[in-house]
Structure formats: C-alpha cells, structure tokens
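Read-outs throughout are calculated quantities, based only on the coordinates presented, and are distinct from any laboratory measurement. It should be emphasised that the depicted structure is a prediction, and the values quoted were computed from it without experimental measurement. Backbone-built Cβ (ideal geometry, glycine too); neighbour counts: all protein chains shown.
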Amino acid sequence: MPTTQFHPLVAVLAALAIAGCASTPAPDAAPVEVKLLAFNDFHGNLLSPGGLGEHAQAPKRPVGGADALAAWIAHLEAGHPNHVVVGGGDFVGASPLVSALFFDEPAVEVLGRAGVDFTSVGNHEFDQGAAELLRLQHGGCRPEPGSCKGLGSKTPGHFDGARFQWLAANVVDTASGRTLLPPYGIKTFDGIPVAFIGMTLQATKDIVVPAGVAGLEFRDEADTVNALVPQLRAQGVEAIVVLVHQGGVQPAGKSDINGCDAALRNADGSDSAIARIVRRLDDAVDLVVSAHTHAAYNCSSNAVGAARATGLPNAAGRLVPVTSAASYGRVLTDIDLQLDRRTHDVIRVSPVNRLVLRDDPAVPVDAAVRDIVQGYVALAAPVTGRVLGQLARPLPNDPDDGGQAPAGSLVADSQLRATQPAAAGSAQMALVNPGGVRGAGFLPPPGASTPFALTYGAAFTVQPFRNGLVTLTLTSAQLKALLEQQFDHCTDPLPECALQVSAGLRIQWSASASAGSRIVDVDWTPVDLAAVPPAVTGPTQAIVNAGVVLEPARKWRVTVNGFLAGGGDGYSTLVAGTDRLQGGQELDALAAYLAPYIAPHAPYDPRRPVLGAPRQVRLP
C-alpha cells in the first residue's frame with residue numbers, strides 16, 4: 001500500500017524504515033524496475049468521449065471510458081509487481097451529467113477501483129469548494145438527492161470516498177497555515193522510496209469562482225517543490241516525481257501523442273507555462289507529469305524527434321522528462337522507471353503515451369467497472385434524455401477567424417434572453433468566456449440527421465458548471481477595457497481567447513495592434529430574443545469607433561456568468577461592475593431559450609440574419 005507522509009512523526013518512522021531496508025544491497029545488484037502509469041484531466045468521463053488517433057494522419061479509433069481505462073491499467077501492470085498509478089488533477093469537475101448528477105462520486109469510485117494511488121489536485125477540484133473536495137477524499141453524503149447512490153462503494157447508499165490520495169503541496173489553508181491535503185505521497189519498491197509531489201497551478205485562484213477558493217492560498221509551483229526536496233532527502237528519498245496541474249501544447253497541427261515539437265514553446269518563442277516551472281526546478285526532480293492543457297506530449301528520450309527534444313531543461317540545465325496524457329481517459333502514459341538499489345536514484349525514465357483503446361481484443365473492458373458505469377447511466381437516464389429543443393444544424397465549438405463559435409453564440413444568446421426582462425436585469429448584451437463553453441459543441445448524436453433533438457445530457461456536456469448569471473452595469477469605457485482584456489494573456493492563435501458575445505454586438509479587432517489597443521469598432525443593435533423568431537427592435541448604435549470610445553460614461557447592462565463576474569480568467573474590469581443582480585443558472589437559461597423550438601414547432605436556426613453572424617471580425 002502507498003504511504004503518505006504528512007505528520008513529523010510519520011516522517012521519522014518512515015526514515016528509519018527506509019534506512020533499514022536500504023542497508024544491505026549487493027553493489028552489483030540489478031536495478032529495481034517500476035511500472036508507473038499516469039493520466040490527467042479525466043473530468044468524470046465515465047463513458048467514451050469518442051475517437052482519437054496517435055497523430056493527425058492516423059485513423060481515429062474508439063478510446064476512453066472508465067471500463068477501458070481500468071482494463072488498460074491492469075493490462076500494463078501485469079507482470080510488474082512494482083507499479084504505481086498517478087494523476088495530474090482535474091479528475092472531477094466540468095464532468096458529463098452521468099457523473100455530475102451524482103456530485104462526481106461515480107468518477108471517484110471507478111478511479112479508485114482502477115487502482116489510482118496518488119493524484120495532484122487540479123483547478124476543477126475546487127469548483128465546489130475545499131469542503132466538498134475533502135468530502136470526496138474522505139467520504140460521506142451530501143443532503144441533496146443524487147448523493148450516495150454508492151454503486152461503486154462498499155455499501156449501496158453510502159459513498160466511501162477516494163481510495164487514492166489527492167495531493168496539494170502548494171495549497172495552504174490560510175487559517176491553519178497547513179496544506180489542505182498532504183503535499184506528497186511515498187510508495188516504496190523493494191525498499192526504495194519514490195516520492196510523488198502533487199500540486200495545482202498557482203493561478204487556480206484566478207480561474208475558479210471565488211467561493212471555491214475562499215480561505216486558500218496557492219503558492220508558486222517551483223518554489224514549493226524546491227522547498228520539499230531537503231525534507232524528502234532527509235527521509236532517504238532520492239527518487240522524486242512531480243505531479244503538477246499545469247502544462248503546455250505542441251504547435252498548431254502537431255498532434256503526435258508522443259511528440260514534443262518545439263519543446264512546447266509558445267508561438268512567440270517564449271517558454272510554455274510548464275517549461276517555465278521546470279526551468280526553475282531543483283535537479284533532484286526526476287520526472288514531471290503535467291496536465292491542464294488537455295494536450296498529449298512526451299518530452300523525453302522516447303519522444304518522436306528525440307534528437308531535438310529529450311526533455312525540458314531544469315535549473316541546472318539538465319533535461320527532465322515531462323509528459324501529459326491528453327484528457328478524458330483517452331491516453332495513458334506508460335513509464336518504465338529504473339531505480340539504483342545502492343543510491344536509490346532514478347537511473348532511467350522511459351515514457352510512452354498509449355491510446356486507451358476500446359477495440360483491442362487483447363484488452364477487453366473491465367466488467368466490474370462497466371457495470372458500475374451502466375448502473376449510473378440507468379439512474380441518470382430520465383434526466384439525460386429530456387429534450388430541450390430541436391436544432392436545425394450542428395453548432396460546433398470551433399471559433400471562426402474572429403473568435404466566435406456557433407456553440408458560444410447560442411450560449412451567449414440564451415443568457416441574454418434570460419436576463420432581458422426588467423425584473424431579471426434589463427440586460428442589453430451577454431458575454432461568455434471561451435472556457436465556459438466545453439466539449440465539441442451542440443452536435444447531433446452519431447448517425448443522426450438534421451434537424452436533431454438536443455437532450456439535457458448533451459447540453460450539460462457543453463454547460464457543466466452550474467454557474468449562476470449576474471447582470472451588472474459597465475460604462476462604455478469599461479466595456480472597451482473588458483474587451484481588450486480578452487487578449488492580455490493570450491498568445492497566437494488570438495481567436496481562441498475571444499469572448500463569446502450575444503446577438504446584437506458586432507466587434508472588429510486588430511490582430512497586429514498592441515495590447516490594449518486591439519478593439520477597433522464596437523456596435524450594438526437591440527434585439528428581442530424572446531420573440532420567435534428573434535427580432536431587431538431598434539437602430540444600431542456605435543460604442544467604439546476607430547478605437548475611440550464615443551460616450552465613455554454611457555451605461556450598459558451586461559450579463560456574465562458568476563465566474564467572470566468575480567474577475568475570473570483575469571477579467572478584472574468586471575469586478576468594478578455596479579448594480580449587480582443575480583439570475584438563474586446557465587443551463588436553465590439555455591433550456592428556457594430552446595423551449596419554443598421543440599417539435600412540432602420549427603427548429604432553432606442560427607442562420608437567421610437577426611442573429612448577426614459574423615459577430616466578431618478580425619482585422620489585419
């Protein structure tokens with residue numbers, strides 16, 4: 001069993017045990033072989049999220065699903081008595097309805113049964129606050145319906161909590177001064193200890209609703225690791241693995257799951273977030289398992305093109321292996337470690353990213369996990385199958401050159417529609433952060449034709465956060481400042497960072513202009529989205545012309561989700577918004593907006609001229 005060190009007495013006893021185990025190896029003894037399996041950003045994906053190929057030209061094969069993930073873990077562990085399974089965070093949160101409806105207890109149950117030992121916390125572990133994360137760790141029921149079905153726990157009607165240990169080295173409870181969860185875990189193989197330090201990105205406080213991170217401090221990632229190295233070495237630990245919920249991406253078009261093209265550098269040549277962390281790490285760190293970006297890469301001597309990229313440089317200039325396993329349980333990083341029996345050092349790290357295939361006859365899915373998942377599917381069916389409306393065509397979540405995505409347009413419109421009435425906020429426009437629209441968008445089920453029915457379950461995949469809506473007042477000057485903030489922390493491609501805007505807004509922005517001066521023109525046309533079909537109700541009015549705010553003090557009623565209203569994603573301008581009025585939840589707004597489009601009525605058609613595509617135009 002893995003042992004987690006958190007109390008000083010535990011550390012002393014562990015050090016004595018380690019010293020006793022390590023005193024008599026033969027000097028020429030063969031190294032200890034360890035099988036380490038890693039994955040990240042599972043996000044409660046109990047069912048397969050679709051297909052994936054090993055690279056852009058490879059055919060997509062069915063991957064993922066908790067039953068396949070558990071089967072592949074068992075398959076890769078077979079014949080390796082020394083093994084450990086670790087994660088990079090975001091195991092829960094932003095989950096499909098089949099897990100989220102039951103407060104992500106199903107995800108925790110099946111990942112425990114799959115054999116996970118340790119995982120870092122991610123930002124989404126804090127979506128519902130620290131107390132809820134601790135409940136998922138230790139078990140217990142919520143008072144709301146849906147909790148404690150217990151299909152994967154020891155006793156039906158109870159939730160046991162996680163069989164694995166969440167680690168939070170850089171998350172400190174400000175009231176106690178202690179880490180919220182253990183900073184690291186240690187697992188011993190043939191008398192040799194291996195430490196796993198787990199943490200999330202320091203910027204978690206900026207990307208989670210304020211209530212979720214209240215009373216917590218998120219410390220610098222590299223400083224946190226480096227401060228723990230002497231403590232671990234004092235216990236006889238020489239093998240150190242960092243599990244960090246931060247990452248990078250390969251350049252656009254580079255999708256080899258075992259690639260490390262351009263060493264994960266940003267388009268402007270700067271280091272990626274994970275590269276900046278690794279560049280400051282103590283030379284004692286042997287391996288970094290990264291996450292957060294939902295990308296697959298293998299920066300190691302096993303990577304494709306390894307002559308160009310054999311790792312990321314640390315503080316001493318040594319290249320450290322850095323891996324990431326995409327997301328949703330589609331990829332497993334299969335890592336072979338070799339440990340020196342005499343020095344306890346890691347002498348070899350050999351990672352390979354492998355697809356979690358569902359169609360490999362040599363690895364049938366785990367029947368026990370499959371039955372648990374299907375049990376939850378059956379319990380969720382009455383909710384997931386409810387039809388919200390008919391859509392005339394697919395609405396993908398792929399932004400156009402200006403940054404607007406069809407799925408984002410529908411979400412923004414539904415939020416404007418919900419808050420247009422005077423009693424609900426008198427909203428004139430709605431803005432949605434791109435990260436608030438998840439997945440592939442509002443698409444027909446496989447094999448379905450158009451128009452198609454959008455079910456509650458499918459919509460929840462795109463809108464999984466249960467965010468409340470907030471309508472507030474901004475001046476024209478503040479509105480321009482807010483729109484400029486879209487690009488403040490963004491590297492190319494800039495459209496990926498654009499806010500999703502509601503019907504009636506038309507924005508022109510310059511890609512070549514300097515930060516703070518990109519917004520060229522902003523026009524607003526009043527539209528009534530309660531009408532079926534929607535209708536224009538007044539003349540177009542200019543807010544910004546040629547970069548100049550025309551009436552800086554003019555006031556506008558703007559609807560955003562609660563995350564943005566608190567300054568999330570760096571939108572600090574919204575914190576200054578006045579006359580705030582709380583509204584309903586995002587998904588309820590979407591359901592209400594689509595209700596008039598249920599058969600036999602005509603389907604919702606995004607091509608209507610009043611809906612104003614393109615809403616955002618990219619200028620040179």
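Answer with one residue from G122, T471, H83: the one whose Cα lies farthest towards the positive end of the charge dipole of the chain, charges on Cβ with Lys, Arg +1 and Asp, Glu -1.
Value: T471.
Determine which residues of segment 175-198 fall in the zone a paramagnetic label at A29 would reach in this model, i.e. backbone nitrogen under 13 Å from the point 7 Å along Cα→Cβ.
Once the point is set 7 Å along Cα→Cβ of A29, 189-193 turn out to lie under 13 Å by backbone N, inside segment 175-198.
Helix-only estimate, please: 222 nm mean residue ellipticity of the chain, summing -39500 (n - 2.57) across DSSP H runs of length 4 or more and dividing by its residues, to the nearest 500.
Computed ellipticity for the chain at 222 nm equals -6000 deg cm²/dmol.
Among the helices of the chain (complete DSSP H runs), which have Cα atoms covering no less than 24 Å along the helix axis and a Kyte-Doolittle mean of at least -0.5?
Helices meeting the criterion: 367-384.
State the answer as a single residue: which of V322, Q231, P31 lies farthest towards the positive end of the charge dipole of segment 31-377, with beta carbon charges of +1 for Lys and Arg and -1 for Asp and Glu, about the Cα centre.
P31
What pairs in K35/K60; K205/K555; K480/K555 have C-alpha atoms more than 23 Å from each other?
K35/K60; K205/K555
Please label the shape of segment 31-377 as rounded, prolate or oblate, based on the square roots a ≥ b ≥ c of the eigenvalues of the alpha-carbon gyration tensor (a/c under 1.5 means rounded; beyond that, a/b larger than b/c means prolate, else oblate).
rounded
Roughly what % of DSSP beta bridges within the chain run antiparallel, to the nearest 5?
So the antiparallel bridges in the chain amount to around 70 percent.
What does the net charge come to around R417 if you take all other residues with beta carbon closer than 13 Å to its beta carbon, with K and R at +1 and D and E at -1?
-4
Given H placed on each backbone N at 1.01 Å, which residues far from A430 in sequence or on other chains put an amide H within less than 5 Å of it?
S502, T559
Across all directions of projection, what mean area in square nanometres is found for the Cα convex hull of the chain?
28.5 nm²
Starting with the fewest neighbours, write out S517, S449 ranked by other beta-carbon atoms found within 10 Å of each beta-carbon.
Neighbour counts put them in this order, fewest first: S449, S517.
About the Cα centre of segment 386-619, what is the dipole size in debye to 20, counting +1 per Lys and Arg Cβ and -1 per Asp and Glu Cβ, all else neutral?
Result for segment 386-619 is approximately 380 debye, rounded to the nearest 20.
Among R265, R135, R607, what is the fewest-to-most ranking by other Cβ atoms within 10 Å?
Least to most surrounded, the residues fall as R607, R265, R135.
Full extension from R276 to K60: what is 0.36 nm times the residue separation minus their Cα-Cα distance, to one decimal in nm?
Working it through step by step, the gained length comes to 74.5 nm.
For segment 33-48, what does the Karplus curve 6.51 cos²θ - 1.76 cosθ + 1.60, with θ = phi - 60°, yield as ³J(HN,Hα) per residue in whole Hz, taken in order and with x for Gly and Pro?
Per residue, the Karplus-derived 3J(HN,Hα) values read 9, 10, 9, 10, 10, 9, 8, 7, 6, 5, 6, x, 7, 5, 9, 4 Hz.
In which sequence would M199, M429 go, from the one with the fewest C-beta neighbours within 10 Å to the one with the most?
M429, M199
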